[in-house]
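S.K.: The following block contains the structure, expressed as structure tokens.
The values are calculated or read from the model by the stated rules, or taken from the named source; none is laboratory data. Keep in mind the model is a prediction, meaning the values are calculated, not measured. Methodologically, a virtual Cβ is constructed for each residue, glycine included, from the backbone with ideal geometry; neighbour enumeration extends over all protein chains shown. Surface accessibility is based on the protein's heavy atoms, side chains included, excluding ligands, DNA and RNA. Shrake-Rupley method; radii C 1.70, N 1.55, O 1.52, S 1.80 Å.
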Amino acid sequence: MLKIEKFELGPVQTNAYLLSTEDGSRGVVIDPGMNPKPLLKRIEGMQIEAILLTHAHFDHIGGVDEIRKWKGCPVYLHDAEADWLTDARKNGSARWPELGALIESEPADYALDEGMTLEVLGERLQVFHTPGHSPGSVSFLYANKYLFSGDVLFRLSVGRTDLTGGSERVLLETIHGKLFELADDVVVYPGHGGKTTIGYEREHNPYV
Ligand SMILES: [Zn+2]
Ligand SMILES: [Zn+2]
């Protein structure tokens, strides 16, 4: 069983997640955001096998280049946002200069898509394409039990749909057609805020 740790990073409290093996020797990072110092400190001495991105908004990618160069690990991102890491306008960092420097980094190494299974740290992560908040948003399901949902579904809220490629209709289709198809007890680890479960959101989320 992988260990799951959360780090709230940067000016809009973006959640980065570290999945690591029991002995702490190897890990995978999901969404290394801006000002990633606490995360960097934690992964000193840890082999990082991959950086997985739920999507390429600036607040989720600020730490990508530093970690990938330091650890020599590949970056995974959905193809619909293939040119967002390299484009400060598309990833939004050009729109909110007061929040930090422009982010323009190398493109991702591998493309994610619906139905893929990633083998990481000796475990399997299922990939769901979950657009609506952004066109290339994906969610990662680990052990049929832990869902990393990015900015698609939050505790009692959903992702905004007014940014590049966003669509409220698509977001609701994603949540009803994919995420709410999962079991009630699946734990949701979102891109912002605290964790929740699919059952709790199906019952109480006012936006769906
Ligand atoms: Zn976002
Ligand atoms: Zn975000």
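Condition check ((1) over 15 Å from the mean Cα position of the chain (by Cα); (2) more than 14 Å from HIS55 (Cβ to Cβ); (3) among the polar types (S, T, N, Q)) across all residues:
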residue	(1), (2), (3)
ARG68	yes, yes, no
LYS71	yes, yes, no
VAL75	no, no, no
ALA88	yes, yes, no
ASN91	no, no, yes
LEU99	yes, yes, no
GLU104	yes, yes, no
PRO107	yes, yes, no
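S.K.: Next question. State whether one or more residues within segment 134-153 are more than 16 Å from ligand 1 (Cβ to nearest atom), closer than 19 Å to LEU19 by Cβ and of a type in the set (Phe, Trp, Tyr).
M.R.: Taking every residue of segment 134-153 in turn, at least one turns out to be more than 16 Å from ligand 1 (Cβ to nearest atom), closer than 19 Å to LEU19 by Cβ and of a type in the set (Phe, Trp, Tyr).
S.K.: With the requirement that a residue be within 12 Å of VAL187 (Cα to Cα) and not polar (S, T, N, Q), what does segment 147-163 give you?
M.R.: LEU147, PHE148, LEU153, PHE154, ARG155
S.K.: Out of the residues in segment 56-89 that are touching a helix residue (DSSP H, G or I) at 6+ places or on another chain (Cβ under 9 Å) and over 27 Å from GLU44 (Cβ atoms), which is farthest from ligand 1 (Cβ to nearest atom)?
M.R.: Looking at residues that are touching a helix residue (DSSP H, G or I) at 6+ places or on another chain (Cβ under 9 Å) and over 27 Å from GLU44 (Cβ atoms), I get ALA88.
S.K.: Looking at the structure I just gave you, is GLU181 more than 15 Å from ligand 1 (Cβ to nearest atom) and surrounded by fewer than 15 Cβ atoms within 10 Å (Cβ to Cβ)?
M.R.: Yes: the conditions hold for GLU181.
S.K.: Suppose we filter GLY92, GLY33 for residues that are within 16 Å of ligand 1 (Cβ to nearest atom) and in contact with a Phe, Trp or Tyr (Cβ under 7 Å, 6 or more places away or on another chain); which single one remains?
M.R.: Answer to the check: GLY92.
S.K.: Enumerate the helices (runs of 4 or more DSSP H) found wholly within segment 1-102, keeping only those where 2 or more residues are open to solvent by 10 Å² or more (accessible area, probe 1.4 Å) and out of contact with any strand residue (DSSP E or B) (no Cβ under 9 Å at 6 or more places or on another chain).
M.R.: Output list reads 37-42, 64-71.
S.K.: OK, next. Identify, from the list GLU123, GLU114, the residue that is in contact with a Leu (Cβ under 9 Å, 6 or more places away or on another chain), more than 16 Å from ligand 1 (Cβ to nearest atom) and open to solvent by 20 Å² or more (accessible area, probe 1.4 Å).
M.R.: On inspection, the qualifying residue turns out to be GLU123.
S.K.: While we're here: What tally of residues in segment 131-149 results from selecting those that are over 11 Å from the mean Cα position of the chain (by Cα), under 13 Å from THR174 (Cβ atoms) and not small (Gly, Ala, Ser)?
M.R.: Matching residues across segment 131-149 total 3.
S.K.: Within 16 Å of ligand 2 (Cβ to nearest atom), open to solvent by 10 Å² or more (accessible area, probe 1.4 Å) and in contact with a strand residue (DSSP E or B) (Cβ under 7 Å, 6 or more places away or on another chain), is that true of HIS129?
M.R.: no
S.K.: Restricting attention to segment 192-206, does a residue exist that is touching a Phe, Trp or Tyr at 6+ places or on another chain (Cβ under 6 Å), of a type in the set (Gly, Ala, Ser) and either crowded, with 16+ Cβ neighbours inside 10 Å or closer than 21 Å to VAL12 by Cβ (or both)?
M.R.: yes
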